[in-house]
Amino acid sequence: MRIATLSNAAVLHTQRWVRHFRAQGHEVRLWSLEAGPADLEARPLPSAALPGLFRYPLAAPALRRELAAFAPDLVDAHFVPNYGLLGALAGRSPLSVCAWGSDLLVGLRTSAWRRARARFVLRHADLVLADAANLAAAALALGAEPARVHALPWGVPRARFHPRGTRVAGRLLSSRMHEPIYDLTAVIEGLAPLFHRHPHLSLHLAGDGSLRGELERLAAARLPAGRFRFLGRLDPDALAGELAAAEFYLSASLSDSTSLSLLEAMASGALPVVSDLPGNREWVSEGQGARTFDPGDRGGLGAAVERALETPDWCELARERNFAVIAERGDWDVQMAKIEALFVAAAAAPPRGAGAGR
């Protein structure tokens, strides 16, 4: 099958996705306004020095010409407001649109323009992929046709993310990007009192982003020297090693669908201490695989870590429970095979408007 993927080539999720479908024998070409690793061979699109509101639509004529030459069996667009919009404007079908979470869960209530844009994209999609039930519900609320919406988490590669022996006692790991929605300020502020009461605790922060400098200064001011490290962006194997070494995984995200970083932690045996969000509750909840706290509650974050520290036997049972959950419904190979089957079915279906029920 020839797949035309439209997505940000600089993002790890895009890279994993494209490499996976190529490994299955499909001819996958990637179009992106952003540069990515050389092996992806991403085909550049015109990118004017303008806000995204204009940059992506302006790339549509060039993409239309490229797709006409490639003649894909399916167009596979990621993130509704930019590449989803670009895919809809390109005018080829079948079009699969993959929502990533914040594109449908953040900001639409307060912006009529964003809602209209999302409706336009979803109306043109032959297939809508959502990685969580709350994300699928958001797509349906925006008018996506129910028969075209599928809630399927991507899962994690268990061959990479798994326990690897002894953990570092008291090590807490965050692997979220350094952006406002992930509220790493709450992580640092919430941990500060605990670090003074528990001298064995340490914090590793993987990832990068626009707030990194600010977060580094905050950590230096609030946490004891030598007990925190900013690791930067890690390749998948290095991240897997960090998760396997961590006793606890932290996420204070203010919004999420299915968080791949949560699934990676569950598969690796890092006990989740996470904000109580609908997307997280599809996988863990307080006392069921995790300790949780209300989003934005710094004191609650610290209290959740304390509960985990005070219940080591429960933590071991929770880890076993999380391994089983990932094996049952969070295995990358199994989940991606389901998505591949949806791609094949969409490519084989008659054009929209042709035949009964279309």
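The values are calculated or read from the model by the stated rules, or taken from the named source; none is laboratory data. Predicted model, so just to flag it, every value in this text is computed and none were measured. Glycine gets a Cβ as well: all are built from the backbone with ideal geometry, and neighbour counts include every protein chain shown.
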Considering residues of segment 31-43 that are under 19 Å from the mean Cα position of the chain (by Cα) and surrounded by 19 or more Cβ atoms within 10 Å (Cβ to Cβ) only, the residue nearest to A71 (Cα to Cα):
S32
Considering (1) of a type in the set (S, T, N, Q); (2) touching a helix residue (DSSP H, G or I) at 6+ places or on another chain (Cβ under 7 Å); (3) in contact (Cβ under 8 Å) with a residue 40 or more places away in the chain, say which one S261 fails and leave the rest.
(2)
Within segment 19-28, tally of residues that are surrounded by 19 or more Cβ atoms within 10 Å (Cβ to Cβ) and in contact with a Lys or Arg (Cβ under 6 Å, 6 or more places away or on another chain)
1
Residue check for A147: surrounded by fewer than 21 Cβ atoms within 10 Å (Cβ to Cβ), out of contact with any Leu (no Cβ under 9 Å at 6 or more places or on another chain), within 30 Å of F120 (Cα to Cα) and not β-branched (V, I, T)
yes
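Which residue, of F21, F79, is at positive phi, under 25 Å from the mean Cα position of the chain (by Cα) and of a type in the set (A, V, I, L, M, F, W, C)? Steps first, please.
On the way: F21 fails: at positive phi.
After applying the criteria, what remains is F79.
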Within segment 303-312, identify whether any single residue is among the charged types (D, E, K, R) and either at pLDDT below 95 or over 19 Å from L173 (Cα atoms) (or both), and answer yes or no.
no
Would you point out which residue out of R148, R164, R176 is in the same structural domain as G107 (by TED's automatic domain parsing) and either over 14 Å from F228 (Cα atoms) or of a type in the set (D, E) (or both)?
R148
Does L317 satisfy being surrounded by fewer than 21 Cβ atoms within 10 Å (Cβ to Cβ), assigned by TED's automatic domain parsing to the domain that holds L95 and over 28 Å from H178 (Cα atoms)?
no
Considering residues of segment 4-18 that are in a helix (DSSP H, G or I) and buried (at least 21 other Cβ atoms within 10 Å of the Cβ) only, the residue farthest from the chain's Cα centre (by Cα)
V18
Of all residues in segment 267-295 being of a type in the set (D, E, K, R) and part of a strand (DSSP E or B), the one that is surrounded by the most Cβ atoms within 10 Å (Cβ to Cβ):
R291
If a residue must be in a loop (DSSP other than H, G, I, E, B) and touching a residue at least 40 places away in the same chain (Cβ under 8 Å), how many such residues does segment 167-179 contain?
6
So which residues in segment 210-242 are within 14 Å of L184 (Cβ to Cβ) and modelled with pLDDT under 95?
none
So the check is Cβ under 8 Å with 6+ separation or different chains; which pairs have a first residue in segment 213-237 that's closer than 24 Å to P193 by Cβ and outside the structural domain of R16 (by TED's automatic domain parsing) and a second one that's polar (S, T, N, Q) and not in a strand (DSSP E or B)?
L215/T185; L218/T185
Residues of segment 225-270 satisfying the condition of being of a type in the set (A, V, I, L, M), farther than 22 Å from D131 by Cβ and in contact with a Ser or Thr (Cβ under 7 Å, 6 or more places away or on another chain):
A244
Given the conditions (1) out of contact with any Phe, Trp or Tyr (no Cβ under 8 Å at 6 or more places or on another chain); (2) not in a strand (DSSP E or B), which single one is not true for L30?
(2)
